[in-house]
Amino acid sequence: MPDTTSRMVTLRRRFSSTSPIVIAFIALILGLVLGALIIIFTTPVILNAWRDIFHSWSSPWHAVKVTADNVGAAYRSMFTGSIIDPPGLWHSITTGKGWNATMTPISETLTYATPLIIASMGVGIAFQTGIFNIGANGQAVLGGMAGVAIASMLHMPTIIHIPLTLLAGLAGGMVAGAVPGLLKAYTGAHEVIVTIMLNYVIYAFLLFAVTSTFLQQPGQQNDISRMMDPSSQLAPIFGVASGLRVSYGIVVAAAVVVFAWWFLDRSSLGFDFRVTGANPTAARASGINSRAIMVLVFLISGGLAGLAGIVQAASTTHFIDGGFLIGNAGIGFTAITVALLGRNRPMGIVWASLLFAALGVGGRSMQASTGIPLDLATIIQSAVVLFVATPVLVKEIFRLRTSPTTTVQLATKGWNS
Amino acid sequence: MELVSVASATPTSTEVTAAASGRTRAVGAIMIAIGLFTGLVFAMGASSAAHSGLTFNPVNLSNAPWHVGDLTVVTRWVNAVIALLMVVLGLEVIIRSPRRAVMVRFGVVAVLFLFALLFWVVRTPGPSPVPVINFTAVLIGSSEVAMVLIFGALSGVMCERSGVVNIAIEGQFIGGAFIGTMLASTTHSFIFAAVGGAAIGGLLGLLLAFLSLRYLSDQIIVGVVLVTMIGSFSSYLNLQVFTPFPQFNTGTLAPNLAIPLISKIPIIGPVFFDQSGFFYFMLILVGVVSFALFKTRYGLHVRAVGEHPRAAATVGINVVRVRYINVVLGGAIAGVGGVAFMASQGQFQPGYTSGLGYIALAAMIFGRWRPSGAVVASVLFGLSVYLSQNLQTYNVPVSTYILNMFPYIITIAVVSGLIGRVRAPAADGIPYHRE
């Protein structure tokens, strides 16, 4: 049957040595190796063991063992903290008890992945339009602020309050996205600089809002917001008593994935977006209003980032503080790497989000049990993306068969476009 | 300049002129708006009796044998004059629609605005506990920030003139500051620190060049990911190394090296000739980079490669090699900038460069990819960063957090106002395929 044959061809292409999946897998291994090297070179115990290898005959063996023990412990706690703890699983299977504790790591990973999927989808749609939205973190923060404001100041039944809160988050992100969109469309200001600067502006605005406006928790001196009403929170799917934090935010994420797939692959506006990304000149020549596209892509991308921000707050902390989404591990920054790893495709982004969420959650557990800083997870994530962004490099390292059709994925356009 | 219009499908020159003059008028209107705001708030908003003090003596009076008399001005009138000047400049831009230096006029208005703000905040009677502006101290404080920005902007000029977008300046700052504090704390030598910073910056430049020149990766994406990576790495090492061994991060500040005699000149002396070694190195570097790019054969090659690599290759220039050299040198310059930042701010903390690398990038764009322009832009940005951090001492009735937004908003405004007036090197950011 021709159908089967074509499916076989697709399958073979997918798992051939030059396919994106294989490249991503190799990139992950390389990233983990780099992480291991960093652990080795920054852990005094390991370095001391290697310094002493000439002390006795067993010393080299001892050094290898110390290295394997420390690196192994770090990666083991990363795995058991983010996916599953095998002894715990065995215990649950044999006794039927402790399922909540056994499922906690996966629940945490899903909780982390939920807003990440939403934000990365926004960044991915922008990338497909040839727009680099580095402002996702700021947009998520503003979305979170708007959502928390609605969620804490208004009181109404859950069935209205949750949608309203999510819409507020979406709107907050859109406002933050509109600025670079309008500036790019009407003045030509490059979105990269504008969005980076806006991240700092919005971050200062967050600190201002949670220290000196109505958003601050009454009676508090610290940088902390009001609590979201219980009617506006995204409840844990398995109930509060289970201790599993994975929430109905996952439904929102699923809806966003379906929307992104439909938008990019089925809608005519999405087609215009992709044409603009592939060839702006051709898009303009075919009558696509490039200014409108610039503004729209930032509204959608920023809106999704804002939605991610409020989903994050509504499903985990139920308030925001001055440290909301701070630093390199903020979901808006991770979203950039996720979109790149997932090649800006909806399903690719889902898998990449799960992987990076596992790394992030595992990093926390690694820090708790071995004291190795959580930042290692971000280093591994960025390394993976660097390897994926340069597929030719991975192929050369592993002498993989390169198909003649391999071309440059994303060509930069510099400041002039 | 001529090379560009051939290469890309640009609109005709009359269209460009029309659009540019429209934008010029818009900039003029914004200048007038700022002038009116200044007049209404900073001039009319101060009571007619209020006055502002102005002093020119450095805070540390021991090395100033001279004494410039303090000045007391009536806040309302001095700000009214400043506002009038702004409006006149704006009107001039609208009416004459000058083809050049519109943004310089805009920069002048921005600086005037900052000074009008200062006069207004220190007015007595008023909320400020300090009734005088120390003009010299403001300039010295701003010059420290401007110095770091100039290092970053020069790095950007080096890379982008050869056609590679170096968005990783922020990462090179972080790397330089990290290595800098480590070497300065252990060897007590800022020369070693600077060399170390240059090495780490150059290494990051090499990585950027390697990925973007050999593997034709997207330069902006690689740059941003590199910044993330260096940021996390420095924060990782901060916890792993600096927390248990604080002796590696003592945060010594670079000493000022006063140049005999000329450092005693009023105002100019303390600002230009009583600074750290990094400041003098920066001044020399501005000259060297300008000269190298615009007066030497090598500079001609670099600019050719940045504008039209194919044509450059045709006449026998090794495009890829030129780009490698410039990106590594540019990275090294930014790395030294990171050390200079550490040497003026003290102890390394993760994230304490707070986007200065990106502001430097904007300064480079504002300065039209020229070292001299980058200096002017860096001074403006340096002043705004300094004021945003220090206005709080005058008890301004505005939250610190709102003040902190200031330099970033100015950067956005400047980058948005520029377009159509500045043009990046034509091949900037575009991967070069050897055929």
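No lab work stands behind these numbers, since they all come straight from the coordinates. Quantities reported herein were computed from a predicted structural model and do not represent experimental measurements. A quick note on method: Cβ atoms are made from the backbone with ideal geometry, for glycine too, and the neighbour counts reach across all protein chains shown.
Which order do the peptides A:22-28, B:361-367, A:147-153 come out in when sorted by mean C-beta neighbours inside 10 angstrom, highest first? List each step's numbers first, then the result.
Details: A:22-28: 19.4, B:361-367: 28.6, A:147-153: 24.3.
Highest to lowest by the protection proxy: B:361-367, A:147-153, A:22-28.
Report, as an integer, the average count of C-beta atoms from other chains found within 10 Å of each Cβ along A:35-44.
So the per-residue partner count for this stretch is 2.
Taking the Cα centre of chain A as origin and charging only Cβ (+1 Lys, Arg; -1 Asp, Glu), how large is the dipole, in debye to the nearest 20?
Here chain A has a charge dipole of around 1100 debye.
Charges only on Cβ, +1 for Lys and Arg, -1 for Asp and Glu: so what's the dipole of the protein assembly as shown about the Cα centre, in debye to the nearest 20?
In total the dipole reaches around 1820 debye.
How large is the helix-only mean residue ellipticity at 222 nm for chain B, computed as the sum of -39500 (n - 2.57) over DSSP H runs with n ≥ 4, divided by its residue count, in deg cm²/dmol to the nearest 500?
Roughly -21500 deg cm²/dmol at 222 nm, from the helical runs in chain B.
If I require 27 Å or longer along the helix axis, counting alpha carbons, and a Kyte-Doolittle average no lower than 1.6, what helices from chain A are left? Use full DSSP H segments.
Within chain A the helices that satisfy the rule are A:20-42, A:191-212, A:290-312.
Among B:357, B:90, B:152, which one moves the most in a GNM of chain B with springs linking Cα atoms closer than 10 Å?
B:90
Convex hull over the alpha-carbon atoms of the protein assembly as shown: what's its volume per residue in Å³?
211 Å³
Jot down the per residue volume, in cubic angstrom and as a whole number, of the convex hull over the alpha-carbon atoms of segment A:109-356.
Residue-normalised Cα hull volume stands at 118 Å³.
Could you tell me, in Å, what Rg and Dmax come out for the Cα atoms of segment B:136-435?
Rg and Dmax of segment B:136-435, Cα atoms, are 19.0, 63 Å.
Mind checking which aspartates and glutamates have their Cα closer than 20 Å to the Cα of residue A:97? Skip sequence neighbours fewer than 8 apart in that chain.
List returned: A:85, A:108.
How big is Rg to Rh over segment B:252-365, alpha-carbon atoms, Rh as the Kirkwood inverse-mean-distance radius? Spell out each step's value before the answer.
On the way: Rg = 18.1 Å, Rh = 16.7 Å.
Ratio of gyration radius to Kirkwood radius: 1.08.
Taking each residue in A:319-329, count the Cβ atoms of any other chain within 10 Å of its Cβ, then average. What number comes out?
The mean count of partner-chain Cβ atoms within 10 Å per residue comes to 2.
Where is the GNM fluctuation largest for chain A (alpha-carbon springs, 10 angstrom cutoff): A:344, A:100, A:199?
Of A:344, A:100, A:199, the most mobile in the Gaussian network model is A:100.
Hey, what's the Kirkwood Rh for segment A:120-223 if you take every pair of different alpha carbons, in angstrom?
For segment A:120-223, the Kirkwood estimate is 14.7 Å.
What are the principal axis extents of the Cα atoms in chain A, in Å, biggest first?
On the principal axes, chain A reaches 73, 63, 48 Å in Cα extent.
Give me a single rounded figure for B:400-412: the average over its residues of other chain Cβ atoms within 10 Å of their Cβ.
Mean shielding by partner chains, rounded to a whole number: 6.
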